[in-house]
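Taking it in order: structure first as structure tokens, then the write-up.
The values are calculated or read from the model by the stated rules, or taken from the named source; none is laboratory data. The structure displayed is predicted, hence computed values, not measured ones. Using ideal geometry, Cβ is built from the backbone for each residue, glycine included, and neighbour counts are taken over all protein chains shown.
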Amino acid sequence: MVNPVLLLAVPLGLAFCVPLFGMASRRAASFVPAIAALFNVVVAIRLLPEAIEEPIVVCLGGFSAPFSIVLFAGPLGLLLAALVALAGFVIAIYAVRYIDTGAITKYHTLYVLLLVGATGVVLTGDIFNLFVFFEILCISSYALVAYLGDRGGLEASAKYLIQGAVGSGLLLLGIGMVYGLTGTLNMAGIAERIGAVPSVPALVSLALIVVGLGVEAAIFPLNAWLPDAHSSAPSTISAILSGIAIEVGLYAVARMVFTVFGATDMLFFLVFLGVLTVLVGELCALAQSNIKRMLAYSSIGQIGLILFAVSLASSEAVAGGLFQLISHTLSKVVLFLAVGYMILRSGSKEISSLEGMGQQMPLTSLAFAVAAFSLVGLPPFAGFPSKFMIVRAAVAEQEVIFLVLVAVVLVATVIEGAYFFRVVQSLYFKRGEKQAVRQEAPSSALIPIFVVVVLIIVFGFYPDAVVRVLEPAASDLVRSTDYIRSVLG
Amino acid sequence: MSFLQDYAYYIGAFGLVFIGLLIVLVQHNLIKVIIGVSIFDTGINLFLIAVGYIRNGTAPIFSRAGLEPGAMVDPVPQALVLTSIVIGVAVLALALGIAVRLYREYGTLDLRKIRELRW
């Protein structure tokens, strides 16, 4: 058995080796993130079957559970770690050619650190450790948003940094309160003792933690930074932020609410927030003329949908939400990566400048169209079974209020369809002014994009391949007694 | 009087937190906003220390004879604060670095004038 610690230790070690490789050759440095991510994909997928049988708990430093930092490699943690590594790998391959200006070695160091932070958040079983990994994720993303050093990037990075710093401050305040109330930082230990704590202080600390994490997860109304940051960053960074960073934030929120605090009375509030986030995200996306801002707002909408599904708290709804999370990650990675070279070729981020791209870059446009259709939820792509699971689970609640909310969510999906079809239409059915010269993206970009496109189609045809893993992952999240038992014995 | 004695640290800590948040919300100069974030962090660190503090407590080192567990300060929050200070410094350094670059690009640090990105 491979130790899950390696999922963190190997990339972290490689991250600080990037400058050393960079001294030998800049080209060698740019392959390090891909190696680190590939290692994580292999290890996480190899560990996954074992974790489904029995969650792997590793006590760091050799002390027993409540006194040491615990890594909890359950089905959910490893599934998300594999997803992080997969998206990270694909984007790293793309970045080898795409990132060719500026401080390249620093970019790759920060990129690996971002992946380490995301992996750490999903694997840790210690609430303060979660904060530390979260900060690694956030600080590297603040710097990467400003990587291009242009006006927009710097402004977006400053906004993101200020809001993120306040958010993580609130998170730390909440963690301090929880420690004061329960006397432990171990998530399972807190879950065990939180029942005996007076309800008002427990609620205040949960609220602080959810608000703190909610800034990173872009839950409405804490998402003002997202459209700026995602649209001004280099496309590879937009892809990783949209595909990984906000999902990891959402995972942390769900882990806190379900497993650690067991706060089932707060769930309806989160369902409501989720629906609100969907509506705000999709309506703002409809109004955009900048393609990257449109994709950024669409991420907000998708996060709202995932939050809505997960907060319904039935095991089918949580599984549907996690499926939606996976399909969103796959689609958004393809969309941002495809758009990256379209913007490079056309020289503008306006949707109108993408007219005629269907002739100019047929393969890239095809990938964009597949990912967009999957995100909207058309069969036979991965977005269809995930949205279908969510709707079926929400209808199974058999309460009028949920039916109304599902109707709202479906309306939002129609809006989503409207703006994505508009872009696909201008890619294929409108002629650009200039004569279309076939000028495809390089194969170093097309190969990673099409790897993900194939996955989107495979998961669309065989959703069972994912659902089999999702069911244990959902119960890992929802059943906090099992979690406590596997950590504390 | 005893209320103040018992809760002075918490009042101080939350006072700093609120002062910091207020600065972040109302100031328009980026440097002042960054100072606000720094004060906010300091308040949180003080709060964490106060959680584990015992009046007249001492370090939990067991080599000294006759030391009661009740007379020892909880070391965990102090370790947390050490980490949190390091993280705070990193964020502060990055924020100031971005402020320098922003000033070079725009010639001002007034957040009302730094507004390229609109929706």
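With (1) polar (S, T, N, Q); (2) in a helix (DSSP H, G or I); (3) farther than 26 Å from residue A:48 by Cβ as the list, and residue A:129 as the residue in question, which single condition is left unmet?
(3)
Which helices (runs of 4 or more DSSP H) does the range A:330-400 wholly contain that include 1 or more residues that are within 14 Å of residue A:421 (Cα to Cα)?
A:357-360, A:362-376
Quickly run through the range A:136-164 and pick out the residues that are part of a loop (DSSP other than H, G, I, E, B) and at the interface with chain B (Cβ under 9 Å from one of its Cβ atoms).
A:146, A:149, A:150 - these are the residues of the range A:136-164 that are part of a loop (DSSP other than H, G, I, E, B) and at the interface with chain B (Cβ under 9 Å from one of its Cβ atoms).
Considering only the range A:219-287, give the helices (runs of 4 or more DSSP H) lying wholly within it that have at least 1 residues that are under 15 Å from residue A:144 (Cβ atoms) and either within 14 Å of chain B (Cβ to nearest Cβ) or in contact (Cβ under 8 Å) with a residue 40 or more places away in the chain (or both).
A:226-232, A:235-240, A:246-254
Scanning for something farther than 26 Å from residue A:238 by Cβ, out of contact with any strand residue (DSSP E or B) (no Cβ under 6 Å at 6 or more places or on another chain), in contact (Cβ under 8 Å) with a residue 12 or more places away in the chain and not basic (Lys, Arg), does the range A:86-98 turn up at least one residue?
No, there is no match, as no residue in the range A:86-98 is farther than 26 Å from residue A:238 by Cβ, out of contact with any strand residue (DSSP E or B) (no Cβ under 6 Å at 6 or more places or on another chain), in contact (Cβ under 8 Å) with a residue 12 or more places away in the chain and not basic (Lys, Arg).
Only one of these is within 14 Å of chain B (Cβ to nearest Cβ), in contact with a Gly (Cβ under 7 Å, 6 or more places away or on another chain) and crowded, with 22+ Cβ neighbours inside 10 Å: A:133, A:72. Name it.
When all the criteria are applied, what remains is A:133.
Given the conditions (1) assigned to a loop (DSSP other than H, G, I, E, B); (2) in contact with a Gly (Cβ under 7 Å, 6 or more places away or on another chain); (3) hydroxyl-bearing (Ser, Thr, Tyr), and given that residue A:205 satisfies all but one, which numbered condition is not satisfied?
That leaves (1) as the condition not met.
Kindly list the number of the only condition in (1) out of contact with any Gly (no Cβ under 6 Å at 6 or more places or on another chain); (2) free of Cβ contacts under 8 Å to residues at least 24 places away in the same chain that fails for residue B:39.
It fails just one condition, (1).
What pairs come up if the first residue lies in the range A:389-404 and is on the phi < 0 side of the Ramachandran plot, the second is part of a helix (DSSP H, G or I) and of a type in the set (S, T, N, Q), and their beta carbons are under 7 Å apart, counting only those six or more places apart or on different chains?
Here the result reads A:390/A:324, each pair linking the range A:389-404 to a residue that is part of a helix (DSSP H, G or I) and of a type in the set (S, T, N, Q).
Residue check: is residue A:229 in contact with a Gly (Cβ under 8 Å, 6 or more places away or on another chain) and of a type outside the set (Val, Ile, Thr)?
no
Of all residues in the range B:99-113 being touching a residue at least 24 places away in the same chain (Cβ under 8 Å) and part of a loop (DSSP other than H, G, I, E, B), which is farthest from the other protein chains (Cβ to nearest Cβ)?
Ranking the candidates gives B:112 first.
Any residue in the range B:19-33 that is more than 9 Å from chain A (Cβ to nearest Cβ), touching a residue at least 12 places away in the same chain (Cβ under 8 Å) and of a type in the set (Lys, Arg)?
The answer is no; no qualifying residue exists.
Criterion first (of a type in the set (Phe, Trp, Tyr), over 30 Å from residue A:357 (Cα atoms) and at pLDDT 90 or above) does residue A:297 satisfy it?
In short, no.
Tally up the residues in the range A:186-202 that are surrounded by 20 or more Cβ atoms within 10 Å (Cβ to Cβ) and assigned to a helix (DSSP H, G or I), please.
8
It is to be established whether one or more residues within the range A:315-335 are closer than 24 Å to residue A:118 by Cα and charged (D, E, K, R).
The answer is yes, given that some residue of the range A:315-335 is closer than 24 Å to residue A:118 by Cα and charged (D, E, K, R).
Pick from the range B:65-81 the residues that are in a loop (DSSP other than H, G, I, E, B) and either within 20 Å of the chain's Cα centre (by Cα) or loosely packed, with under 13 Cβ neighbours inside 10 Å (or both): which of them is nearest to the other protein chains (Cβ to nearest Cβ)?
Among those residues, the one meeting the criterion is B:74.
Of the residues in the range B:82-98, how many are of a type in the set (Val, Ile, Thr), touching a residue at least 24 places away in the same chain (Cβ under 8 Å) and more than 7 Å from chain A (Cβ to nearest Cβ)?
Summing the residues that are of a type in the set (Val, Ile, Thr), touching a residue at least 24 places away in the same chain (Cβ under 8 Å) and more than 7 Å from chain A (Cβ to nearest Cβ) in the range B:82-98 gives 1.
Criterion first (crowded, with 20+ Cβ neighbours inside 10 Å, touching a Gly at 6+ places or on another chain (Cβ under 7 Å) and either part of a helix (DSSP H, G or I) or not hydrophobic (A, V, I, L, M, F, W, C) (or both)) does residue A:473 satisfy it?
No, not satisfied.
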